[in-house]
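Comments concern the structure below.
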Amino acid sequence: MKRFAVILAILLVAFGSIAHANEPIVIGFITALTGSTSLWGTQEANGAMLRAEEINAAGGVLGRPLKLIVYDHKGSPQEGVLAYRRLVDEDKAVAVLGTHFSNISLAIAPVAEQKKVPVLGQAVEPKVTIPAPGKLNKYHFLAQPSCIEQGQMMARFAFEELGARKAAVLADKSNSYSISQAEHFAEYFKRRGGEVTDFVEYAAGTVDYRAHLTQIKAGSPEVIFLPQYAQPGGMQVKQAKELGIEATFLGSNSLSDPPFVAAAGGAENVAGLYFLFNVNWSEPKFEAFINNYEAKYGEKPVTYHSLFGYDDVTLICEAIKNAGAAEPEAIRTAIEGLTDVPIMLGDGKFTMDAETHRTRNMPSWIMQWNEAGEIVPVQLVYPPAD
Amino acid sequence: MFVQQLVNGISLGSMYALLAVGFAIVYNILGIVNFSHGATIALGAYCAYWLSTYLRLPLELSMVLSVTIAGLVSALIERITLHPLRRKGQPQIFFFIASLTVFNLVTAIIIYVSKANITSYPRTLIYGSIRMANVIVPKLDVLMLGIAVLSLLALSAVLYKTKIGLAIRCCSYDSRAAQLMGINPDLVIGTTFLLAGLLGGIGGALLGAKYAVYPELGDMVYRAFFACMVGGLGSLTGAIFGGLLIGLIETISNAYINAAISPAITFGLLVVILLVRPQGIAGKLVEDKI
């Protein structure tokens, strides 16, 4: 009888592990599938599903297939938290990907600390991983240069490459994407010896910027930094041109959106504007990605968010592989140790900084709008080490 | 620089004034706070955009047509919301709610149709600017000020030189007495909404040229409302004055105090003005109405 029990136990364990081997690894993905930012979110989800398919076709991870479950956060922090809980509690996800919205990621972060299932997202707000000085969210990771780095990279480009010594900044006080970049741009520019002639903050929903721009113009800056979304950014550039401001404009990655050019009153108004951008689509390495994406979805990728999704899946699979087990705690530790992982964005290599849970030394492209309304790559820039 | 800021303030304030007058005439005649004015502002911009972009009509023609559409839509809104409420003898608060609902409905439709994108007319209405010493005045601003003044002159011509204008003024004094004199209130109210819609349409079409075309453009109606309150609700001259004043306060506080708290300063000042003079700055003018 004893011998029978032992055999039964061995059989059960063996059977169990076979079942386990075929069971898919569940990865959650939270993004915007409806609402005003659904274009970005759909692109992101498409990129992620394309990558998951490629990985499964190549044998999966740890010999198990990957199962990607995508939920809609509808642009709302509450929905984002709900999606995270559902992924962890009901779907038994071992890791969650997303979001690229700072306010939604800020809401998910404390919940992830309780549930202890790691999140890898693309938000730019450093408070997502470091809520207070000296405090680190153990289960949250960000895979895009933070707004600190984005502001600094632009300031360094203006100071070193454009030779600018006088800069002005116009920022939305209520938007952390805008104000964080603005503050770190100004701080770095001054630290290098430049002068910030005006640091103007405005309230969200402003439409007429003539008062702000007239004030900026009086300080005659050589460059004006506009870390904005497409709508205010476009209006500001248009009104600045009407006021005869001839300084060079610098912007953030949202000024890559085509509606920005329309709001600015056409290509001639935005010509010469430099902005920071995550990807240079003209590089040959994207050809295969674009073709595969088109084959699967019937259209070419529209925004760089498709690469966010694609890279997120690459990174999480690498972490699971390194962890050797599809367990949340092991994956968390493995994400911390990710080093030189081949990805699509930046310079094609990804390293996680274990102390900040953000990217280490991830570069961005400086792009420029030309007279024909096209985006021209200028150079790849790295976050300053100082 | 101060002169330039003054020019900026007047340019912004003249837009508010134009929108405020359209808001004020409905209040003047009917005593109704009409937020559907915001819908006609947004339609004024979007119709000009749609006609010039998709039908490839010349921009000027598109703007004229869009103003007409805005006027007709305003009259239609009156017909399907205020008219039945009025016939049933419902209190005016119901129309206030209905007008706010119509405004939100039109905005929601525009967001759906335009996919919430910001855009602009296919070309700039007028290029260049006038430079006097250090002060730069965009030609567009001069043109817009001209159109605003002309529109207001045309409005007063309608009110003072035509029969329907006389009827409107009669109703604004005493609608019951006017009715007893054989004035058709439906016609008067319909015409008033048409006029208000035309002014909203002109404002919207010009705002589209000055700033950009985006779904929340109709929110300018709140500025129009505040301009009316400051100037004295119902007073047309007061509305113009209130519009200019708000434009100037906003610009000056943006420039010399702090742009991030400028809305707080503007609204704080409005509260003070209303506490000191609840009847509005042009309070006396309210008594003589038009």
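Put the Cα centre of segment A:299-369 next to the Cα centre of segment A:246-266 and the gap is 28 Å.
With n ≥ 4 as the cut-off for DSSP H runs, can you work out [θ] at 222 nm for chain B, using -39500 (n - 2.57) per run divided by the number of residues, rounded to the nearest 500? Let's see the in-between values first.
Details: 13 runs with 214 residues, N = 290.
For chain B, the value works out to -24500 deg cm²/dmol.
Considering only protein heavy atoms and a 1.4 Å probe, what is the carbon-and-sulfur percentage of the accessible area of the protein assembly as shown?
Details: 17190 of 27910 Å².
Here it works out to 62 percent.
Buried between A and B is an accessible area of approximately 2300 Å², summed over both sides with a 1.4 Å probe.
Counting only lysines at least 8 places from residue A:296 when in the same chain, those with an alpha carbon closer than 29 Å to its own are A:67, A:74, A:92, A:285, A:321, A:349, B:115.
Run the numbers on segment A:240-264: which residues show a drop of 20 Å² or more in accessible area, chain on its own versus all protein chains together, using a 1.4 Å probe over heavy atoms? Hits at the 20 Å² cut-off: A:242, A:243, A:259, A:262, A:263. Of B:189, B:30, B:50, whose Cα points farthest to the positive end of the dipole of segment B:2-220 (charges on the beta-carbon: +1 Lys, Arg; -1 Asp, Glu; origin at the Cα centre)? The one lying farthest along the dipole's positive direction is B:189.
What does the highest-first list of B:123-130, A:265-272, B:71-78, B:106-113 look like by mean Cβ count within 10 Å?
Details: B:123-130: 13.9, A:265-272: 18.2, B:71-78: 22.1, B:106-113: 15.5.
In descending order of packing, they fall as B:71-78, A:265-272, B:106-113, B:123-130.
Inter-chain Cβ neighbour count for B:238-251, averaged per residue, equals 1 (cutoff 10 Å, partner chain atoms only). Among the complete DSSP H segments of chain B, which ones combine at least 24 Å of alpha-carbon extent along their axis with a mean Kyte-Doolittle hydropathy of -1.0 or more? Passing helices, by number: B:2-30, B:37-54, B:59-77, B:92-114, B:139-161, B:185-210, B:236-256.
Under unit Cβ charges (Lys, Arg +1; Asp, Glu -1), what dipole magnitude, rounded to 20 debye, does segment A:150-228 have relative to its Cα centre? Spell out each step's value before the answer.
Details: 9 positive and 10 negative charges, 32 e Å.
Magnitude of the dipole: close to 160 debye.
Once you reduce segment B:246-285 and segment B:168-231 to the center of their Cα atoms, the two points are 23 Å from each other. For residue A:166, the lysines whose Cα comes closer than 22 Å to its Cα, not counting residues fewer than 8 places off in the same chain, are A:190, A:217, A:238, A:241.
Selection among A:290, A:235, A:218 by position relative to the dipole of segment A:184-311 gives A:218 as farthest towards the positive end (Cβ unit charges, Cα centre).
Rg over Rh for chain A works out to 1.04, using Cα positions for both radii and the Kirkwood form for Rh.
So which DSSP H runs in chain A come out at 20 Å plus along the axis (Cα) with average Kyte-Doolittle of at least 0.5? Numbers along the way, then the final one.
Values: long enough: A:2-22 (30 Å, 1.50); A:38-57 (28 Å, -0.38); A:176-191 (22 Å, -0.84); A:305-323 (27 Å, 0.28).
Taking the DSSP H segments of chain A (at least 20 Å long, mean hydropathy at least 0.5), we get A:2-22.
Scattering from segment B:2-220 was approximated by placing one identical point on each alpha carbon and applying the Debye formula without solvent; log10 I(q)/I(0) at 0.17, 0.19 1/Å stands at -1.16, -1.35. Solvent-accessible area per residue in the protein assembly as shown equals 41 Å², computed with a 1.4 angstrom probe and all protein chains kept.
Within the set of other residues whose C-beta is less than 15 Å from the C-beta of residue A:144, count the net charge using Lys and Arg as +1 and Asp and Glu as -1.
Numbers: positive: A:127, A:349, A:358, A:360; negative: A:44, A:125, A:149, A:311, A:312, A:347, A:353.
Counting the neighbours of residue A:144, the net charge comes to -3.
The values are calculated or read from the model by the stated rules, or taken from the named source; none is laboratory data. What you see is a predicted model; the values in this text were computed from it and never measured. When we count neighbours, we look across all protein chains shown, and the Cβ atoms used for this are built from the backbone with ideal geometry, even at glycine. Just so you know, the surface numbers come from the protein's heavy atoms only, side chains and all, with ligands and any DNA or RNA stripped out. Shrake-Rupley method; radii C 1.70, N 1.55, O 1.52, S 1.80 Å.
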